[in-house]
Amino acid sequence: MARVSQEHLDARRRQILDGAAVCFARGGFHATSMQDVLKEVDLSAGAVYRYFSGKDELIAAIVEEVLGQVRDGFEEAAHSSPPPPPDLLVASVLGRVLATKESVTVDGRPAFPRLVVQVWAETLRNDQLAAVLRDGYGAVRAAWGRIVEAYQDAGMMRSDVPPDDVARTMMAAAMGFIAQQALFGPAPSDILRDGLRALMSVRDVPDGDRGDTTGGSQLG
């Protein structure tokens, strides 16, 4: 019997993961059966079960892959001296992840943002998936923490804010941007970049110059 190449095995695994992602994004985890996945990827049960034991393992593999891509992107930046500024960095990493998933669609729209929201919901009842997500996000937070420390060491960011506070805030911005795409449709990561850049441009002013911000607008 001829040996199956690693390239073929990797391509088949990719086919199964992408097909499962479409099914989960389209119908949710609970409404999707393994039979639905088999039909989507047009493979036999034996071919699919060679790679994955069932839905839970498929979901975990998808989550681990995506979080690994995000972590690697930020880890790479953490080794730069100094790292790119937050607006460029977040948009670049998120844009690359979205680009790798843009061919996986549901009803003509990218499936990835919808899938992410499905994953978040599933973690509320699936302890195993919650652990996978917790570990993945922990690794991303740690990478972001190192990036913030590099900003502070380079004098690019104030040093009196804990790095983990900044890490959680930047992750929240990226997660919120993905949620918006799931709810309202695709949007380029340039929007996130420009919005963060505008927020970063805000300058603090002395208290006496702030005016009354509690009573609505003041008319002359």
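The values are calculated or read from the model by the stated rules, or taken from the named source; none is laboratory data. Not measured: the values here are computed from a predicted model. Cβ: placed from backbone, ideal geometry, glycine included. Neighbour counts: every protein chain shown. Each accessible area value is taken on the protein alone, full model and side chains, heavy atoms only, with ligands, DNA and RNA left out. Shrake-Rupley method; radii C 1.70, N 1.55, O 1.52, S 1.80 Å.
Looking at region 151-163, which of the residues that are small (Gly, Ala, Ser) and more than 12 Å from PRO83 (Cβ to Cβ) is surrounded by the most Cβ atoms within 10 Å (Cβ to Cβ)? Among them, the one singled out is SER159.
Matching residues to (1) touching a residue at least 60 places away in the same chain (Cβ under 8 Å); (2) more than 21 Å from ILE59 (Cβ to Cβ); (3) open to solvent by less than 10 Å² (accessible area, probe 1.4 Å); (4) not in a loop (DSSP other than H, G, I, E, B):
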{"residue": "VAL4", "(1), (2), (3), (4)": "no, yes, no, no"}
{"residue": "LEU9", "(1), (2), (3), (4)": "no, no, no, yes"}
{"residue": "ARG13", "(1), (2), (3), (4)": "no, no, no, yes"}
{"residue": "ILE16", "(1), (2), (3), (4)": "no, no, yes, yes"}
{"residue": "ALA20", "(1), (2), (3), (4)": "no, no, yes, yes"}
{"residue": "PHE24", "(1), (2), (3), (4)": "yes, no, yes, yes"}
{"residue": "ALA31", "(1), (2), (3), (4)": "no, no, no, no"}
{"residue": "GLN35", "(1), (2), (3), (4)": "no, no, no, yes"}
{"residue": "LEU38", "(1), (2), (3), (4)": "no, no, no, yes"}
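Note on region 98-116: residues that are in a helix (DSSP H, G or I) and buried (at least 18 other Cβ atoms within 10 Å of the Cβ) total 7. On inspection, ALA187 qualifies as modelled with pLDDT of 90 or more and either more than 27 Å from PHE24 (Cα to Cα) or part of a loop (DSSP other than H, G, I, E, B) (or both). From the residues in region 81-97 that are open to solvent by 60 Å² or more (accessible area, probe 1.4 Å) and in a loop (DSSP other than H, G, I, E, B), which one is modelled with the highest pLDDT? This residue is PRO82.
The condition of being small (Gly, Ala, Ser), more than 24 Å from ASP107 (Cα to Cα) and touching a Pro at 6+ places or on another chain (Cβ under 7 Å) does not hold for ALA47.
Annotation note: Cβ proximity below 7 Å between a residue of region 58-87 that is over 22 Å from VAL48 (Cβ atoms) and free of Cβ contacts under 8 Å to residues at least 60 places away in the same chain and a residue that is open to solvent by less than 50 Å² (accessible area, probe 1.4 Å) and among the small types (Gly, Ala, Ser) (sequence gap 6+ or interchain) occurs for PRO84/ALA77. Looking across VAL132, VAL166, one residue alone is over 21 Å from GLU102 (Cβ atoms), modelled with pLDDT of 95 or more and in a helix (DSSP H, G or I). It is VAL166. Of the residues VAL140, VAL166, VAL148, the single one that is closer than 20 Å to ILE59 by Cβ, in contact (Cβ under 8 Å) with a residue 12 or more places away in the chain, out of contact with any strand residue (DSSP E or B) (no Cβ under 8 Å at 6 or more places or on another chain) and open to solvent by less than 60 Å² (accessible area, probe 1.4 Å) is VAL140.
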